[in-house]
Amino acid sequence: MVIIAFVIGYIISWLLVVVCRVPANQRGLVMTGINGANTVFIGMPLNVALFGNVSIPYLLVYYIVNTIVIWTFGVWVIAAYDPTTKNKVSIDWKHFLPAPLWGFIVAIPFLIWMPNAATQLPTFVTTTLTDVGALVTPLSLIYIGIMLKDFGIQSVRFSKNLNVAILGRFVLSPIIMFTLIYAGAHGLHVNMASMFSKTLIIQAATPSFAVLPILADQYHSDVKFATSMVVATSCLFVIVVPIIMGILSL
(Lines give C-alpha, C1' and ligand atoms only; values in the text may rest on other atoms or scores of the structure.)
Protein backbone atom coordinates (compact mmCIF):
# COMPACT_ATOMS: atom_id res chain seq x y z
CA MET A 1 0.00 0.00 0.00
CA VAL A 2 2.83 2.40 0.82
CA ILE A 3 4.51 1.64 -2.51
CA ILE A 4 1.24 2.25 -4.38
CA ALA A 5 0.86 5.58 -2.56
CA PHE A 6 4.31 6.68 -3.77
CA VAL A 7 3.56 5.62 -7.36
CA ILE A 8 0.29 7.56 -7.39
CA GLY A 9 1.95 10.51 -5.65
CA TYR A 10 4.67 10.83 -8.28
CA ILE A 11 2.18 10.55 -11.13
CA ILE A 12 -0.06 13.28 -9.71
CA SER A 13 2.88 15.51 -8.75
CA TRP A 14 4.22 15.19 -12.32
CA LEU A 15 0.84 16.35 -13.64
CA LEU A 16 0.92 19.23 -11.15
CA VAL A 17 4.32 20.54 -12.25
CA VAL A 18 3.23 20.34 -15.90
CA VAL A 19 -0.16 22.01 -15.40
CA CYS A 20 1.29 24.71 -13.11
CA ARG A 21 4.22 25.26 -15.50
CA VAL A 22 6.86 24.86 -12.82
CA PRO A 23 10.33 25.79 -14.18
CA ALA A 24 12.57 22.89 -15.15
CA ASN A 25 15.08 23.61 -12.38
CA GLN A 26 12.31 23.22 -9.79
CA ARG A 27 10.23 20.38 -11.23
CA GLY A 28 12.27 17.49 -9.85
CA LEU A 29 12.47 19.22 -6.47
CA VAL A 30 8.70 19.71 -6.29
CA MET A 31 7.97 16.12 -7.26
CA THR A 32 10.48 14.62 -4.84
CA GLY A 33 9.69 17.15 -2.11
CA ILE A 34 5.99 16.28 -2.25
CA ASN A 35 6.63 12.55 -1.95
CA GLY A 36 9.80 12.36 0.16
CA ALA A 37 9.25 12.65 3.92
CA ASN A 38 11.57 13.44 6.80
CA THR A 39 10.79 10.24 8.70
CA VAL A 40 13.86 10.16 10.96
CA PHE A 41 14.39 13.51 12.68
CA ILE A 42 10.75 14.59 12.59
CA GLY A 43 8.58 11.61 11.68
CA MET A 44 9.91 9.20 14.28
CA PRO A 45 9.79 11.44 17.39
CA LEU A 46 6.42 12.76 16.22
CA ASN A 47 5.01 9.26 15.92
CA VAL A 48 6.34 8.24 19.32
CA ALA A 49 4.86 11.37 20.89
CA LEU A 50 1.45 10.72 19.32
CA PHE A 51 1.14 6.94 19.55
CA GLY A 52 3.94 5.69 21.80
CA ASN A 53 6.80 3.25 21.17
CA VAL A 54 4.39 0.52 20.07
CA SER A 55 3.91 2.43 16.81
CA ILE A 56 7.59 2.17 15.78
CA PRO A 57 7.22 -1.14 13.84
CA TYR A 58 4.46 0.48 11.78
CA LEU A 59 6.57 3.56 11.21
CA LEU A 60 9.48 1.44 9.99
CA VAL A 61 7.30 0.12 7.15
CA TYR A 62 6.83 3.65 5.82
CA TYR A 63 10.41 4.60 6.65
CA ILE A 64 12.00 1.76 4.67
CA VAL A 65 9.90 2.38 1.55
CA ASN A 66 10.38 6.15 1.83
CA THR A 67 14.17 5.76 2.08
CA ILE A 68 14.40 3.41 -0.90
CA VAL A 69 12.17 5.60 -3.09
CA ILE A 70 14.05 8.81 -2.24
CA TRP A 71 17.52 7.42 -2.96
CA THR A 72 16.53 5.67 -6.17
CA PHE A 73 13.62 7.18 -8.09
CA GLY A 74 13.59 10.49 -6.20
CA VAL A 75 17.25 11.21 -6.98
CA TRP A 76 16.69 10.13 -10.59
CA VAL A 77 13.78 12.57 -10.96
CA ILE A 78 15.89 15.49 -9.70
CA ALA A 79 18.83 14.50 -11.92
CA ALA A 80 16.52 14.24 -14.94
CA TYR A 81 16.11 18.03 -14.87
CA ASP A 82 19.83 18.77 -14.53
CA PRO A 83 20.43 21.51 -17.16
CA THR A 84 24.08 20.55 -17.56
CA THR A 85 23.17 16.88 -18.29
CA LYS A 86 26.69 16.03 -17.14
CA ASN A 87 25.83 14.36 -13.87
CA LYS A 88 24.56 10.84 -14.00
CA VAL A 89 22.47 9.54 -11.14
CA SER A 90 24.84 8.21 -8.50
CA ILE A 91 23.32 5.95 -5.87
CA ASP A 92 25.10 5.92 -2.55
CA TRP A 93 24.25 2.51 -1.12
CA LYS A 94 25.02 3.57 2.45
CA HIS A 95 21.78 5.55 2.40
CA PHE A 96 19.85 2.28 2.24
CA LEU A 97 21.22 1.19 5.61
CA PRO A 98 21.15 4.28 7.87
CA ALA A 99 21.52 4.08 11.64
CA PRO A 100 17.79 3.60 12.46
CA LEU A 101 17.58 0.67 10.05
CA TRP A 102 20.72 -0.89 11.52
CA GLY A 103 19.08 -0.65 14.93
CA PHE A 104 16.06 -2.50 13.58
CA ILE A 105 18.26 -5.22 12.02
CA VAL A 106 20.20 -5.72 15.26
CA ALA A 107 16.93 -5.94 17.21
CA ILE A 108 15.43 -8.70 15.02
CA PRO A 109 17.39 -11.61 16.64
CA PHE A 110 16.33 -10.41 20.09
CA LEU A 111 12.70 -10.18 19.00
CA ILE A 112 12.82 -13.75 17.65
CA TRP A 113 14.94 -15.61 20.20
CA MET A 114 14.63 -13.37 23.24
CA PRO A 115 11.15 -11.76 23.19
CA ASN A 116 11.42 -10.92 26.90
CA ALA A 117 14.85 -9.32 26.58
CA ALA A 118 13.80 -6.37 28.73
CA THR A 119 13.61 -8.69 31.75
CA GLN A 120 16.23 -11.23 30.69
CA LEU A 121 19.14 -8.88 30.02
CA PRO A 122 21.15 -7.30 32.85
CA THR A 123 19.60 -4.16 34.29
CA PHE A 124 22.52 -1.92 33.36
CA VAL A 125 22.09 -2.94 29.69
CA THR A 126 18.34 -2.27 29.52
CA THR A 127 18.69 0.97 31.49
CA THR A 128 21.47 2.24 29.22
CA LEU A 129 19.60 1.38 26.02
CA THR A 130 16.39 2.90 27.35
CA ASP A 131 18.13 6.15 28.27
CA VAL A 132 19.86 6.33 24.88
CA GLY A 133 16.54 5.71 23.13
CA ALA A 134 14.93 8.48 25.16
CA LEU A 135 17.41 10.95 23.63
CA VAL A 136 15.86 10.59 20.17
CA THR A 137 13.11 13.17 20.60
CA PRO A 138 15.14 15.95 22.32
CA LEU A 139 18.09 15.49 19.94
CA SER A 140 15.72 15.62 16.98
CA LEU A 141 14.24 18.88 18.23
CA ILE A 142 17.73 20.33 18.64
CA TYR A 143 18.61 19.23 15.10
CA ILE A 144 15.45 20.83 13.70
CA GLY A 145 16.30 24.09 15.46
CA ILE A 146 19.86 24.07 14.08
CA MET A 147 18.58 23.27 10.59
CA LEU A 148 16.06 26.12 10.62
CA LYS A 149 18.69 28.53 11.97
CA ASP A 150 21.20 27.56 9.27
CA PHE A 151 18.66 27.71 6.44
CA GLY A 152 17.10 30.94 7.71
CA ILE A 153 13.35 31.22 8.13
CA GLN A 154 13.42 34.79 6.85
CA SER A 155 14.74 33.57 3.49
CA VAL A 156 11.52 31.69 2.68
CA ARG A 157 9.51 33.23 -0.16
CA PHE A 158 6.02 31.78 -0.63
CA SER A 159 5.88 31.75 -4.41
CA LYS A 160 3.24 29.94 -6.46
CA ASN A 161 5.51 26.97 -7.03
CA LEU A 162 6.39 26.71 -3.35
CA ASN A 163 2.70 26.79 -2.45
CA VAL A 164 2.12 23.94 -4.90
CA ALA A 165 4.84 21.91 -3.17
CA ILE A 166 3.43 22.69 0.30
CA LEU A 167 -0.12 21.74 -0.68
CA GLY A 168 1.19 18.58 -2.31
CA ARG A 169 3.12 17.59 0.79
CA PHE A 170 0.46 18.39 3.40
CA VAL A 171 -2.77 17.81 1.45
CA LEU A 172 -2.18 15.58 -1.56
CA SER A 173 0.14 13.05 0.08
CA PRO A 174 -2.04 12.29 3.16
CA ILE A 175 -5.22 12.24 1.04
CA ILE A 176 -3.68 9.61 -1.26
CA MET A 177 -2.70 7.49 1.74
CA PHE A 178 -6.11 7.90 3.38
CA THR A 179 -7.90 7.00 0.14
CA LEU A 180 -5.85 3.83 -0.30
CA ILE A 181 -6.45 2.77 3.30
CA TYR A 182 -10.19 3.48 2.99
CA ALA A 183 -10.40 1.64 -0.35
CA GLY A 184 -8.51 -1.30 1.09
CA ALA A 185 -10.75 -1.51 4.13
CA HIS A 186 -14.09 -1.15 2.33
CA GLY A 187 -13.38 -2.32 -1.19
CA LEU A 188 -10.81 -5.08 -0.72
CA HIS A 189 -11.82 -5.87 2.89
CA VAL A 190 -8.23 -5.52 4.08
CA ASN A 191 -8.20 -5.16 7.85
CA MET A 192 -5.46 -2.80 9.02
CA ALA A 193 -4.72 -1.94 12.63
CA SER A 194 -5.97 1.51 13.56
CA MET A 195 -2.54 2.59 14.75
CA PHE A 196 -0.96 1.34 11.52
CA SER A 197 -3.32 3.38 9.34
CA LYS A 198 -2.92 6.50 11.50
CA THR A 199 0.86 6.14 11.42
CA LEU A 200 0.91 5.94 7.61
CA ILE A 201 -1.32 9.00 7.26
CA ILE A 202 0.71 11.07 9.75
CA GLN A 203 4.00 10.08 8.09
CA ALA A 204 2.55 11.06 4.73
CA ALA A 205 2.12 14.60 6.14
CA THR A 206 5.58 15.09 7.65
CA PRO A 207 7.94 17.76 6.20
CA SER A 208 10.02 17.24 3.08
CA PHE A 209 13.29 15.42 3.69
CA ALA A 210 16.11 17.63 4.91
CA VAL A 211 18.80 16.74 2.33
CA LEU A 212 16.74 18.10 -0.59
CA PRO A 213 18.93 21.26 -0.89
CA ILE A 214 22.04 19.08 -1.08
CA LEU A 215 20.59 17.09 -3.96
CA ALA A 216 19.49 20.34 -5.60
CA ASP A 217 23.06 21.62 -5.49
CA GLN A 218 24.50 18.34 -6.76
CA TYR A 219 22.20 18.26 -9.79
CA HIS A 220 22.22 22.01 -10.55
CA SER A 221 18.64 22.70 -9.52
CA ASP A 222 17.27 25.69 -7.60
CA VAL A 223 18.97 25.40 -4.20
CA LYS A 224 17.16 28.40 -2.69
CA PHE A 225 13.82 26.93 -3.71
CA ALA A 226 14.73 23.55 -2.20
CA THR A 227 15.81 25.26 1.02
CA SER A 228 12.56 27.24 1.18
CA MET A 229 10.58 24.02 0.73
CA VAL A 230 12.37 22.27 3.59
CA VAL A 231 12.09 25.26 5.93
CA ALA A 232 8.45 26.00 5.09
CA THR A 233 7.27 22.41 5.51
CA SER A 234 9.33 22.02 8.69
CA CYS A 235 7.60 25.05 10.21
CA LEU A 236 4.07 24.44 8.94
CA PHE A 237 3.83 20.78 9.96
CA VAL A 238 3.17 21.86 13.57
CA ILE A 239 -0.11 23.32 12.32
CA VAL A 240 -0.97 20.54 9.90
CA VAL A 241 -0.48 17.54 12.20
CA PRO A 242 -3.02 18.67 14.87
CA ILE A 243 -5.55 19.26 12.08
CA ILE A 244 -5.01 15.75 10.68
CA MET A 245 -5.18 14.20 14.14
CA GLY A 246 -8.46 16.03 14.72
CA ILE A 247 -9.84 14.66 11.46
CA LEU A 248 -8.70 11.12 12.28
CA SER A 249 -10.39 11.28 15.67
CA LEU A 250 -13.80 12.07 14.12
Rank these by accessible area, largest first, 1.4 Å probe: ARG21, ARG27, ARG157. ARG21, ARG157, ARG27
Rounded to whole Hz, the Karplus (6.51, -1.76, 1.60) HN-Hα couplings of region 3-9, x for glycine and proline: 5, 4, 4, 5, 4, 5, x
Cut-off under 17 Å on the C-alpha distance; same-chain residues fewer than 8 positions from LYS160 excluded. Which aspartates and glutamates are left, in chain and number order? ASP222
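The values are calculated or read from the model by the stated rules, or taken from the named source; none is laboratory data. Since the model is a prediction, treat every value here as computed from it, not as a measurement. Calculation scope for accessible area: heavy atoms of the full protein, side chains included, ligands and nucleic acids excluded. Shrake-Rupley method; radii C 1.70, N 1.55, O 1.52, S 1.80 Å.
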